[in-house]
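A.B. asks: I'd like to ask you about the structure that follows.
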Amino acid sequence: MKTVKFTIDGKEIETPEGTTILEAALAAGIYIPHLCHIPGYGLRSHASCRMCLVQVEGWRKKKGLVTSCTQPAAEGMVVYTTTPDVVETRREVLEMIMSEHPDRCFTCTRDEHCFLFNVCQRDDVVTDRCLICAKNGRCELQKVVNFVGYPQQRFRSAEEHVFPIIRTNPFIERDWNKCISCGRCVRVCDEIRGVGVLTFTRRGKHMVVDTIFGDSMEDTGCQFCGQCVLVCPTGSLMKRVNKYVGYPDYSVSTICSYCSCGCNLQLEMLDGQIISVTPHRNDEVNKDCLCVKGHFGFDYVQAEARLSGPFVKRSGVLTRTTWDEALDTVARRLTEIKDKYGPQAIGIVASAEGTNEENYLTQKLARAVIGTNNIDDGGNPGHKATLKGLTAALGFAAMTNPMADIEKAGCIFVIGSDITQTHPIAALRIKWAVRKGAKLIVANPREIELCRFAHLWLPVKPGTEVALLNGMMQVMVGQELWDRSFVEERCEQFEALAASLAQYTPEQVSEISGVPQEDIVTAARLLATGGRHPEYRAPAVYDSLVYEAGSQGETDSSCLIYGSGITHHSNALDGVHALANLAMLAGCLGREGGGLYPLAGQNNVQGACDMGALPHYLPGFQRLDDEDARHKFETAWGVETLPQKPGLALLEMLKAAHEGKLKALYVIGQNPLLVAPDFDYAKECLEALDFLVVQDFLPTETAQLADVVLAGVSFAEKDGTFTNAERRVQRVRKVMEPIEEARPDWRIICELAEKMQGDGEKAIFFSYADPSEVMGEINGLVPIYGGITCERLEQGSIQWPCPDSDHPGTPILYREGFDRGKGRFVPVEYKALDEQPDEEYPYYLSIGSILFHHHVGKMSMNSRSLVGIAPECLLEINPQDAEKLGVIEGDMVKVTSRQGELILRAEVTDRSQPGQVFTTFHYPDKAVNRLLPFAVGQFPELNTCAVKLERVEETAGEEAEKVLTEQISGAT
Ligand code: SF4
């Protein structure tokens, strides 16, 4: 790297070429006051506050005064930060800034005697004081004034306008009285978050930061990420929750428990309670960013509804009991059932929200103590398609590249994923890549937010994605656009693939999928060339989105991202195979900026699978039929024989329960009643069990049916590790004690295992002192985690495979070759979904996610702020359809599928296409899964069904909700 040497105030500094004077000075420990600049954030320099003026020796223009945030340091430059010219000009600048800001405490002689929230001795307007500002002591303007000195005041106009504080949403309040127009919030909203909700409005001394037409933030598409609050130097933008509770005693960094981005958080603690969350900077994962759930949705940890101890069912009612009684009951009942019906009569649903260590212990309990492979991380039945498809085609069932790599792509293809809603931080990388010049193709039935950034939107009909993917490959093969050398060197069965594609002409695929022929061709060309196809011209509107018109992405690689729009279909496995085929055909794998990105839902789906919470694999995806692997575990655990036969996955367990074959189910951290298709059938299955145990920290709908409920804890109350979607193992840290009598899940599992075994000499070891001891055992038995020790994780995260403690981890898979030898093309035929609209059920219903809630709602529905912004499950309906049905915004609509019915409130929007409606599965009070048919085959249909719609009276919705509540609680 080229560097330059220069001096600041006589101190010689060496800095990389291109670094601004300000950044170089701050890095060298020299403070230059600044307000509009945010060190290390990567925003374009703005120079609007002009506080960072310095003087450069020998420069005559304007006395050599320059803004150090815009001026790069140069070889031999001599810079001064405290000359009389600098000091005087700075004061004048500060005088202008302070003319608009409350200043009473700055001008008070008692200032030094007052502390936080002190009673003021002056007879001033209350809002004029720093003392009652929640930012007092952390305000950057205070720091600057204290450094520069309070200037004389000739232009004061702050008192001419007193603005009311704006509190229209649960997250952020805006106080224009404290705004200094530095523009930080406006720039992060646009440049970092790609939303552009905030802007400068009005002019002159009336200028304020507002939404463009002065609408509320919620009506302007604000995603409430809170980034604007984080960067506001004053108290103008503040978090509403806990604003006045004071400052934290301490803070601890840990990992978000919502989605599988694995963002690093800083939990701020006061008196043993979480009072706030901020991002913990990690450039590899989330930089300085969080989404609304990570930032504001933490209050579920301290929700009133938390389970504070164990319960057993007595006379049909769950009654609080002691841990001894609860665990004795579970151990006794499971042992009785095992003795009477055999180990296969017991199943365990592990937790994709739990830590790796907990999942490892859960499968050890299942296999070594109970003797069954009936173990499944049951949160997302669709993820199994990724597992099966990618293992068969490539070797590893995981994301191939780090999420940060998306930013380097030349072309990004997102199919079946509303990623800005499900994985908002990964989505930022897409927006940043587009800003650099990457081409973006979005294939989705709905016009999702990402379409605003896309060069091409392919409005594919639900369930026809496989045809579209085959069509794109047909074009690539037909136009000789495929990566011949990659395919010939590294893949097998190309001929079979090429032959299978012949029928998928653009005409044919357009007919099936509804995507225009020319768009199928364009998408194929862009993907095959990393966005650099010579005949492609970006639409003119695109030029306004990027900094430099006509620019290209950082590399000529393409990456493919997919989500539940692929994996929640009954043809999910075909979809995954088709995507793997496409990735290999375009030569996207094993290189920077390329990759295949499956997006799993819950935070630790990847880790739960890695740890063997699967019916077909031992930990580390070691096969059950691999004798050496089995023997290794038998020896390590001291078990004579481990069960060899693959066990049952969640839906198979439910069906077996219905058939009377499965007698007991132990559910940890999951909610099968809402996850499985067909609510009523799932309920019958659970009720058919002889014994149901639920271990969780919040009372789920499934827990209400349980015989015993064991109170676990949230992520904030335990130690361990999570593995995010990109195979990155990260440290989870305990920040608070478990509430009341709740216990960490790893401890409950160990105690139960010990109780089930008694004190015999042959008892399998479960007396771990802490989760790090469990990780030590994992290191020895799971080769991909061999070098991921707790000691190393304290220094930073590691991506598996990492076979030994000298290995640095593997950010990009398949650089040298595929784990299975050669990448295997698996030709797939498009099969239409069973569920097709007809005259009686004329609409497609798609079921997906929204930003403000997560999975089936356990955590987000216990966050007041998240419920406050999105309190009700809505049915998205196109204006044309709404008009046909006589429905207007806010009306109640009865949605009837061939399976069931429910009543939802209408949101009329053209995001959904005519003939298609959309809703979400987050709301337990609606149990949207009642619309889907139960199916035990390879994969259930969890995404789409055919429905009819009918406008109904408002009261019908309330009645339907009451019936559901009674059904769940067993009152009917
Ligand atoms: Fe948490 Fe995911 Fe949001 Fe990151 S993107 S803060 S991991 S929910």
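The values are calculated or read from the model by the stated rules, or taken from the named source; none is laboratory data. This is a predicted model, so every value here is computed, not measured. Virtual Cβ from ideal backbone geometry, glycine too; neighbours counted across all protein chains shown. Side chains are part of the model used for accessible areas, which takes the heavy atoms of the whole protein and leaves out ligands, DNA and RNA. Shrake-Rupley method; radii C 1.70, N 1.55, O 1.52, S 1.80 Å.
A.B. asks: Which one, TYR150, PRO248, THR329, projects farthest toward the positive side of the charge dipole computed for the chain from Cβ point charges (K/R +1, D/E -1)?
C.D. replies: Among TYR150, PRO248, THR329, the one farthest towards the positive end of the dipole of the chain is TYR150.
A.B. asks: In degrees from 0 to 90, rounded to the nearest 10, what is the angle of the helix 954-969 Cα long axis to the longest principal axis of the chain?
C.D. replies: The angle comes out at about 60 degrees.
A.B. asks: Another one. Size of the dipole of segment 165-311 about the Cα centre, Lys and Arg at +1 and Asp and Glu at -1 on the beta carbon, nothing else charged, in debye to 20?
C.D. replies: 460
A.B. asks: A further question follows. Which order do the peptides 569-579, 728-738, 309-319 come out in when sorted by mean C-beta neighbours inside 10 angstrom, highest first?
C.D. replies: Result, highest mean Cβ count within 10 Å first: 569-579, 728-738, 309-319.
A.B. asks: Under 8 Å for C-alpha pairs, at least 6 residues apart: give me the relative contact order for segment 476-620, rounded to a whole percent.
C.D. replies: 22
A.B. asks: Another question about this same structure. Compute the convex hull volume of the Cα atoms of segment 487-535, divide it by the residue count, and report the result per residue in Å³ as a whole number. Walk me through the numbers on the way to the answer.
C.D. replies: Numbers: hull volume 4.8 nm³, N = 49.
Normalising the Cα hull of segment 487-535 by residue number yields 99 Å³.
A.B. asks: Go ahead and run the numbers for FRET between ARG314 and PHE765, Cβ-Cβ distance against an R0 of 41 Å, rounding to 0.05.
C.D. replies: Efficiency, from the Cβ-Cβ distance: 0.75.
A.B. asks: Within the chain, what percent of beta bridges assigned by DSSP are antiparallel, to the nearest 5?
C.D. replies: In the chain, approximately 60 percent of DSSP beta bridges are antiparallel ones.
A.B. asks: Based on the Cα atoms of segment 590-676, what semi-axes does the equivalent ellipsoid have, where each is the square root of 5 times one gyration tensor eigenvalue, given in whole Å with the largest first?
C.D. replies: 26, 24, 11
A.B. asks: Hey, any idea what Rg/Rh is for segment 262-391, computing Rh the Kirkwood way over Cα pairs?
C.D. replies: Across segment 262-391, the Cα-based Rg/Rh ratio is 1.06.
A.B. asks: If you don't mind, another one. For ILE212 and ASP910, what is the calculated FRET efficiency with R₀ set at 22 Å and r taken between the beta-carbons, to the nearest 0.05?
C.D. replies: FRET efficiency, ILE212 to ASP910: 0.60.
A.B. asks: Grab the other residues whose beta carbon is less than 13 angstrom from that of TYR785, score K and R as +1, D and E as -1, and report the net.
C.D. replies: -1
A.B. asks: In the neighborhood of ASN470, defined by Cβ-to-Cβ distances under 10 Å, what is the net charge if each Lys or Arg adds +1 and each Asp or Glu adds -1?
C.D. replies: Result for the neighbourhood of ASN470: -3.
A.B. asks: Which order do the peptides 522-533, 447-458 take when ranked by the mean count of other beta-carbon atoms within 10 Å per residue, highest first?
C.D. replies: 522-533, 447-458
A.B. asks: So, in Å, what gap is there between the alpha-carbon centers of segment 772-826 and segment 202-223?
C.D. replies: 48
A.B. asks: With 5 Å bins from zero, work out the P(r) of segment 120-251 over every alpha carbon pair and list the percent per bin.
C.D. replies: Per 5 Å bin, starting at zero, the Cα-Cα P(r) for segment 120-251 comes out as 2, 9, 17, 23, 21, 15, 9, 4, 1, 0 percent.
A.B. asks: In addition: At q = 0.15 Å⁻¹, what log₁₀ I(q)/I(0) does segment 824-907 have when each alpha carbon counts as one equal point scatterer in the Debye sum?
C.D. replies: Scattering profile of segment 824-907, log10 relative to I(0): -0.75.
A.B. asks: With +1 on each Lys and Arg Cβ and -1 on each Asp and Glu Cβ, and nothing else charged, work out how big the dipole of the chain is about its Cα centre, in Debye to the nearest 20.
C.D. replies: 2320
A.B. asks: Where the centre of each part is set by its Cα atoms, how far does segment 140-170 sit from segment 330-385, in angstrom?
C.D. replies: 60
A.B. asks: Roughly to the nearest percent, how much of the accessible area of segment 287-441 is carbon and sulfur, given a 1.4 Å probe?
C.D. replies: So the carbon and sulfur contribution to the accessible surface is 54 percent.
A.B. asks: Hey, another quick one. Output the pairs from LYS384/LYS461; LYS384/LYS645; LYS338/LYS364 with a Cα-Cα distance over 20 Å in this structure; if there are none, say none.
C.D. replies: Numbers: LYS384/LYS461 23 Å; LYS384/LYS645 18 Å; LYS338/LYS364 16 Å.
The pairs that break the limit, which is 20 Å between Cα atoms, are LYS384/LYS461.
A.B. asks: Here's a follow-up. Provide the convex hull volume over Cα atoms per residue for the chain, in Å³. Intermediate values should be presented prior to the final figure.
C.D. replies: Working: hull volume 184.3 nm³, N = 972.
In the chain, the Cα hull volume divided by residue count equals 190 Å³.
A.B. asks: I would also like to ask the following. If you project the alpha carbons of segment 886-926 onto the principal axes, what extent comes out on each, in Å, largest first?
C.D. replies: Result, largest extent first: 25, 21, 20 Å.
A.B. asks: In nm, to one decimal, how far is the GLU12 label point from the VAL162 one, both placed 7 Å along Cα→Cβ?
C.D. replies: About 5.9 nm separates the two model spin labels.
A.B. asks: What net charge is computed for the residues neighbouring HIS280, neighbours being all others with C-beta under 15 Å from the C-beta of HIS280, Lys and Arg scored +1, Asp and Glu -1?
C.D. replies: Its environment carries a net charge of 0.
A.B. asks: What nm distance separates the two modelled labels at LYS831 and HIS631, each placed 7 Å from Cα along Cα→Cβ?
C.D. replies: For LYS831 paired with HIS631, the spin-label model returns 3.9 nm.
A.B. asks: Compute the distance in nm between two label points, each set 7 Å from the Cα along the Cα-to-Cβ direction, one at THR505 and one at ASP925.
C.D. replies: Modelled inter-label distance: 5.4 nm.
A.B. asks: A 24 angstrom limit on the alpha carbon distance is what I want to check against. Which of LYS632/LYS661; LYS663/LYS718; LYS683/LYS962; LYS661/LYS762; LYS239/LYS408 exceed it?
C.D. replies: Over 24 Å Cα-Cα: LYS632/LYS661; LYS663/LYS718; LYS661/LYS762; LYS239/LYS408.
A.B. asks: Pick out, in residue order, every one of the trypsin sites (Lys or Arg not before Pro) in segment 210-275 that is DSSP loop and has at most 16 other C-beta atoms within 10 Å; say none if there are none.
C.D. replies: Within segment 210-275, the qualifying trypsin sites (Lys or Arg not before Pro) (loop, at most 16 other Cβ atoms within 10 Å) are ARG240, LYS243.
A.B. asks: Can you give me the % of accessible surface on segment 719-854 that is carbon or sulfur? Probe 1.4 Å, all protein chains present, nothing else counted.
C.D. replies: Here it works out to 46 percent.
A.B. asks: Related question: Whose amide H sits under 5 Å from the amide H of ALA676, counting only residues 5 or more places off or on another chain, with H placed in the peptide plane?
C.D. replies: Answer set, sorted by chain and number: none.
A.B. asks: Sticking with this structure for a sec: Whole number please: convex hull volume per residue, Cα atoms of segment 696-821, in Å³.
C.D. replies: 171
A.B. asks: Ignoring ligands, DNA and RNA, what accessible area per residue does segment 177-276 give at 1.4 Å, in Å²?
C.D. replies: For segment 177-276, the solvent-accessible area averages 35 Å² per residue.
A.B. asks: Where does each of 666-675, 652-661, 819-828 land if you order them by average Cβ count within 10 Å, highest first?
C.D. replies: Numbers: 666-675: 26.2, 652-661: 19.9, 819-828: 18.1.
Final packing ranking: 666-675, 652-661, 819-828.
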